[in-house]
1. If I go through the range 35-46 residue by residue, how many of them are within 15 Å of Gln126 (Cβ to Cβ) and in a loop (DSSP other than H, G, I, E, B)?
2. Just to check your reading of the model, which residue among Ala21, Ala92, Ala60 is hydrophobic (A, V, I, L, M, F, W, C), at pLDDT below 95 and not in a strand (DSSP E or B)?
3. How many residues are more than 15 Å from Pro145 (Cα to Cα), modelled with pLDDT of 95 or more and within 13 Å of the chain's Cα centre (by Cα) when one looks only at the range 26-52?
4. Under the condition of being free of Cβ contacts under 8 Å to residues at least 40 places away in the same chain and among the hydrophobic types (A, V, I, L, M, F, W, C), which residue from the range 41-76 is most open to solvent (accessible area, probe 1.4 Å)?
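The values are calculated or read from the model by the stated rules, or taken from the named source; none is laboratory data. Nothing here was measured: the structure is a model prediction, and the numbers come from that model. Every residue, glycine as well, gets a Cβ built from its backbone with ideal geometry; the counts of neighbours run over all protein chains shown. Just so you know, the surface numbers come from the protein's heavy atoms only, side chains and all, with ligands and any DNA or RNA stripped out. Shrake-Rupley method; radii C 1.70, N 1.55, O 1.52, S 1.80 Å.
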Amino acid sequence: MRAVLAAFALVLALPAASASAAGPDEVCDLHFSGGAILPAVPVAKTVAAQATGLANRDDAGPGLLFSWPKAEPRVFWMRDTHFPLTVGFFGADGVLFAQANMQPMTDTYHFSVSPAADALELAQGQFERHGLRIGSRIVSRECRPAGP
C-alpha cells in the first residue's frame with residue numbers, strides 16, 4: 001500500500017497544466033451490458049492526463065475514462081475539481097466492481113480496493129441515469145483520435 005501511495009504522490013507533483021492544455025488524444029464510445037452507450041468519452045492514458053483528470057474544468061462533460069495496460073489497485077481524489085463526481089472501477093474483465101462518490105475540492109483518497117484496469121469518472125448521478133451499476137460490464141469500446 002505504501003508503494004501505491006508513493007506512486008500517486010509522484011503523480012500529484014506533476015504540473016497540472018501539461019495535461020489540460022493539450023486535451024485528450026483519444027475518445028471512445030463505451031458499450032455496456034444492458035445496452036447503455038456512452039459516446040465520445042475522452043481517455044486519460046498518460047500519467048500527466050491521469051494526474052489532472054477533470055480538475056480545473058467547469059463541468060464533467062462526457063466524463064473521463066482512465067485506462068491502464070495492467071490491472072492494479074488505484075486511488076482517486078478531487079483536488080482542484082469543482083463539481084461532484086462518481087468514479088467507477090472496472091476489473092480486467094471489464095466488470096464494474098466498485099464506485100465511490102467524490103466531493104469537490106477535497107484530497108480524500110478513494111481506493112479501488114481491488115485491481116482496476118479502467119476507471120470511469122462521471123458527474124454524480126450519471127451512472128444511475130445510464131443504468132450502470134455494480135456488475136455492469138464494458139462489452140466493447142470503439143476508440144478514435146480526438147477531433148479538434
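1. First, the residues of the range 35-46 that are within 15 Å of Gln126 (Cβ to Cβ): 36-42.
Retained after the next criterion (residues that are in a loop (DSSP other than H, G, I, E, B)): 36.
Number satisfying all stated conditions: 1.
2. On the way: Ala92 fails: at pLDDT below 95; Ala60 fails: at pLDDT below 95.
Of the residues listed, the single one that is hydrophobic (A, V, I, L, M, F, W, C), at pLDDT below 95 and not in a strand (DSSP E or B) is Ala21.
3. 0
4. Taking the candidates together, the pick is Val47.
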